[in-house]
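S.K.: Quick one: structure below, then a few questions.
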Amino acid sequence: RRYPPSTVEIMSVQTQSPIICKVFFMDGKTKAVRLHPVDTTQEVLTKVAKKIGLQSVEGWALYEMTKESERFIRSYEYISDILAKWEGNDCLSTQPSAYETISKKGPKMALGGADSRLVLRKRVYRHVHDIPSDPIEYHL
């Protein structure tokens, strides 16, 4: 780890509950993902793919987007380190905010989205004629 645990991470460990974080897509949609403090980017990619029905994460990557920069997150990096960095920079994204969901329980709380966000994007673009056969991948 590169950063000490964030407040959200400490609360997650104390309450033995996952961290809920929003992952944004290029079309503006979001999905909330349950994270554990030890989850790497690759594990989060796999969770997002499973949640949206994406058959393969090959060529897909998570990006950290802030007001100042945009950065590719390597597969071995801990998402908790990114959240801790946001907290150290006093980003609003470390404050849980309500997100819209189709649930009988109403809106839920999640991290990300104000001034910093995790974005799922294609990292490797194939030849133009290689149209993906996976309908989920095609529409992302």
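The values are calculated or read from the model by the stated rules, or taken from the named source; none is laboratory data. Model, not experiment: these values are computed from the prediction. Note that each Cβ is placed from the backbone with ideal geometry, even for glycine, and that neighbours are counted across all protein chains shown. These accessible areas exclude ligands, DNA and RNA; they are computed on the full protein's heavy atoms, side chains included. Shrake-Rupley method; radii C 1.70, N 1.55, O 1.52, S 1.80 Å.
S.K.: Which strands (runs of 3 or more DSSP E) does segment 9-68 wholly contain that include 2 or more residues that are crowded, with 17+ Cβ neighbours inside 10 Å and free of Cβ contacts under 8 Å to residues at least 60 places away in the same chain? Before you say what the answer is, go through the steps one by one.
M.R.: Working: elements: 19-25, 30-35, 60-66.
The qualifying strands (runs of 3 or more DSSP E) are 30-35, 60-66.
S.K.: Then there is this: Considering segment 54-87 alone, what residues qualify as being over 11 Å from the mean Cα position of the chain (by Cα), of a type in the set (Gly, Ala, Ser) and at pLDDT 90 or above?
M.R.: 75
S.K.: Within segment 69-88, which residues are in a loop (DSSP other than H, G, I, E, B) and open to solvent by less than 20 Å² (accessible area, probe 1.4 Å)?
M.R.: Within segment 69-88, the first condition is being in a loop (DSSP other than H, G, I, E, B), and the residues that meet it are 69, 73-77.
Residue satisfying the conditions is 73 alone.
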